[in-house]
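Remarks on the structure that follows.
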Amino acid sequence: LSCSRALIYQYLSGATLAQSDRLQVIATLTGTKLSSFFTDEEEGKSENQTYRAEARLQENIRHFEELNRAYEAPTDWRGVADTSQRLCFLASQNEDLSTECMHRMRSGKAYIYLGEFNLAIENLLHGIDLAIEIKDNELELQLRQLLGNAMFSTGDTSAARQQFSICMNGSSATSKWLGNLSMAAVEEQMGNYSVASRLCDDAAAILEGIDDKAASDRGLLYVNGNRI
């Protein structure tokens, strides 16, 4: 596993949550089903046993979602990343694409704040595939916005620009103003200040046209900060 014996003991005791990719390696090395980490699944079990296993899986998902909310107030990004990864795995086992997609996004956001951009990109790309599969356009745009931020942080300006462009042409006002603002940040870094300023103006115009004044005011704080 390329990890210490102490870390294995932490996994066994529940003190540390193993990420889904490591669980998959453990399952492969030990010849164990992935679902056995969360259920007492056996071959040939009865319908009643199957029902209990599924109920336990749902209970695990609810438990980790509560834990994740606790990590978010005040924010413990490592805790959010670890529990979101566990939730991705549980949702995958439950074939709940919508829940897995949501927690891929939460994982990606947490990894961005932790500065672990490659992990962020990996989770966000997976999330985009899921969002496309379940036809959730709004969630797809949110994932693309975060993906652009992660790519921009790694210095991949071209890839980031592509994601922000999709957001700028998205179906919601939120994706449009965020896309314009993020594209302004790209242009600013490249020294194209007049273009960046114009993009900030476009973002502000979109915000001024939405009905939710509180959301508009919050957005304008970001826009004006970038203008300055």
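Looking only at residues in segment 172-206 that are within 25 Å of the chain's Cα centre (by Cα) and more than 18 Å from ALA159 (Cα to Cα), which one is least open to solvent (accessible area, probe 1.4 Å)?
Here is the first cut: in segment 172-206, the residues within 25 Å of the chain's Cα centre (by Cα) are 172-186, 203.
Now narrow it down to the ones that are more than 18 Å from ALA159 (Cα to Cα): 172-174, 177, 203.
Values: SER172: 20, ALA173: 41, THR174: 74, TRP177: 29, ALA203: 0 Å².
Only one residue fits best here, namely ALA203.
Considering only residues that are basic (Lys, Arg) and within 23 Å of ILE134 (Cβ to Cβ), look in segment 65-89 and name the one that is most open to solvent (accessible area, probe 1.4 Å). Can you show your working first?
The first filter runs over segment 65-89 and keeps only residues basic (Lys, Arg), leaving 69, 78, 86.
Applying the additional criterion that residues be within 23 Å of ILE134 (Cβ to Cβ) yields 69, 86.
On the way: ARG69: 133, ARG86: 31 Å².
Ranking the qualifying residues of segment 65-89, first place goes to ARG69.
The condition (being within 23 Å of ASN118 (Cα to Cα), at pLDDT 95 or above, of a type in the set (S, T, N, Q) and part of a helix (DSSP H, G or I)) is satisfied by just one residue among SER182, SER197: SER182. Report whether or not SER92 is out of contact with any helix residue (DSSP H, G or I) (no Cβ under 6 Å at 6 or more places or on another chain) and surrounded by fewer than 24 Cβ atoms within 10 Å (Cβ to Cβ). No. Counting only helices (runs of 4 or more DSSP H) that sit completely within segment 58-143, those holding 2 or more residues that are among the polar types (S, T, N, Q) and under 28 Å from SER36 (Cβ atoms) correspond to 77-93, 97-114.
May I ask you to verify whether ASN137 is under 19 Å from the mean Cα position of the chain (by Cα) and open to solvent by 60 Å² or more (accessible area, probe 1.4 Å)?
When the stated conditions are applied, ASN137 passes them.
The combined condition, being under 21 Å from ASP212 (Cα atoms), open to solvent by 10 Å² or more (accessible area, probe 1.4 Å) and either at pLDDT 95 or above or in a helix (DSSP H, G or I) (or both), is not fulfilled by LEU146.
The values are calculated or read from the model by the stated rules, or taken from the named source; none is laboratory data. All of these numbers come straight from a predicted model, not from anything done at the bench. Every residue, glycine as well, gets a Cβ built from its backbone with ideal geometry; the counts of neighbours run over all protein chains shown. Surface areas here come from the heavy atoms of the whole protein model, side chains and all, with no ligands, DNA or RNA. Shrake-Rupley method; radii C 1.70, N 1.55, O 1.52, S 1.80 Å.
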